[in-house]
1. Between Glu312 and Thr47, what is 0.36 nm times their sequence separation minus the Cα-Cα distance? Round to one decimal in nm.
2. How much accessible surface area, in Å² rounded to 10, belongs to the heavy atoms of Trp309 with a 1.4 Å probe?
3. Expected output is a single nm value to one decimal: the length gained when fully extending between Asn264 and Asn110, i.e. 0.36 nm times separation in residues minus the C-alpha distance. What is it?
4. How large is the accessible surface per residue of segment 145-255, computed with a 1.4 Å probe and reported in Å² as a whole number?
5. How charged is the neighbourhood of Glu227? Take every other residue with its Cβ under 9 Å from the Cβ of Glu227, and add Lys/Arg as +1 and Asp/Glu as -1.
Amino acid sequence: MNQDLSHALFLTEGRALYDEAAKRLLSQKTVLAYILKGCLMEYQDYTPEEIADRFIEGDPQVGETAVHADEEISECEKPERILGLNTEDTTMTEGMVRYDIRFKALLPKNPERLYLILNIEAQNEQQMWYPLLKRAVYYGSRLISSQYGTVFSGMDYGAVKKVYSIWICTKSAKKYRNSMNRYEMVEECLVGENKSDPENYQLMNLILLHVGEYDEGTHEGILGFLEVLLSGKLQAEEKKQILQEQYHITMTKKMSEEVTQMCNLSWGIYQDGVEDKAKEIAMRLYQDGMPLEKIARIVSESLAKIQEWLAEEHASDPV
């Protein structure tokens, strides 16, 4: 069993490196601009170039900002932390869980220059053993509550900023692929006609994108763009060509390097037949009596995938 565990950890190391490369690629401003235009109504009237140049502020944080934070903030911390989002939300009580990508974007057509706070999470949903949507709700809630002491203080709740938490899911179940859902708070008047300004309650917005496999342009818009960008089967030069010709992405030196690094990692994983190796290790761990949930975590696959492999193995057993 120790040898199988060692092999499984070695296998998942390649996936972890690929995931990190994918996050760095997603954090490029030109990519974030496409995501904002494709997902948020506030930016639909602007080109990706305008969004990148005029509305995305500062350098996006990749794996730097913690999700949890202690509620107590000392008076001496407040003045410095109100300046912006660069301060880490650390905690002594809840552990350390970090946002994948976090950045700040100005809100168009607003004379007060308010800004949205956005969080983008790149997730392989097959690895989840809990409802991803509940995690998205929690992260969105943290994006709001963590504004205390950084965006506003005291009772100045009118300064709370709108947040978006965008989840880009790969390796989703087939029935979910090539879909995009938005979740937001809505008002329901149960008695009377007391209508409130949506700006005062539509503060948390969740968007889940389930990206399919790249199949030569079947899908358009943001899903087609992400299919190309995150494809594990396209080689670097091929991917760069598609991004330039179909999506007019300028291949800066940094962008080109990020695309190449991610493609090299993903192409190596694809050629090595990682899934076949993971299945072999999972079956041996199962035979050794390990619980399915633990096997799924070790080989970075979903519980449903492990159960599917088991069904395939039993189907091949002699009657």
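The values are calculated or read from the model by the stated rules, or taken from the named source; none is laboratory data. Every value quoted in this text rests on a predicted model; they were computed, and no experiment measured them. Cβ placement follows ideal geometry from the backbone for every residue including glycine, while neighbour counts extend to all protein chains displayed. Accessible surface areas use protein heavy atoms only, side chains included; no ligands, DNA or RNA. Shrake-Rupley method; radii C 1.70, N 1.55, O 1.52, S 1.80 Å.
1. 90.6 nm
2. Rounded to the nearest 10, the figure is 10 Å².
3. Gain in length upon complete extension: 51.2 nm.
4. 57
5. Here the count lands on -2.
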